[in-house]
């Protein structure tokens with residue numbers, strides 16, 4: 001059975017502060033740095049999502065890009 005409770009961060013923090021010291025220490029141990037780093041790796045920032053959802057060149061567009069690049073490099077060095 002799973003139950004989802006929607007509470008704000010401040011409410012959660014207040015509830016944690018009301019726990020006995022032993023339970024707070026147990027919670028702190030459960031949320032160690034390794035867990036936090038793994039959780040952060042799973043979540044993408046807005047910018048990362050923007051980049052991953054951006055347009056992608058097909059092979060013809062890429063070939064045209066390379067041709068244009070060679071053209072501009074020749075023009076720039078003359």
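Values quoted throughout were computed directly from the atomic coordinates according to the rules given, and no laboratory measurement underlies them. Bear in mind that the values here come from a model prediction, so they are computed numbers and not experimental data. Here Cβ is always computed from backbone atoms with ideal geometry, including for glycine, and neighbour counts include all displayed protein chains.
Expressed as a fraction of 2.2 N^0.38 Å, the C-alpha radius of gyration for the range 3-78 is 2.24.
Distance between the modelled labels on residue 42 and residue 5, one decimal in nanometres: 2.0 nm (7 Å Cα→Cβ projection).
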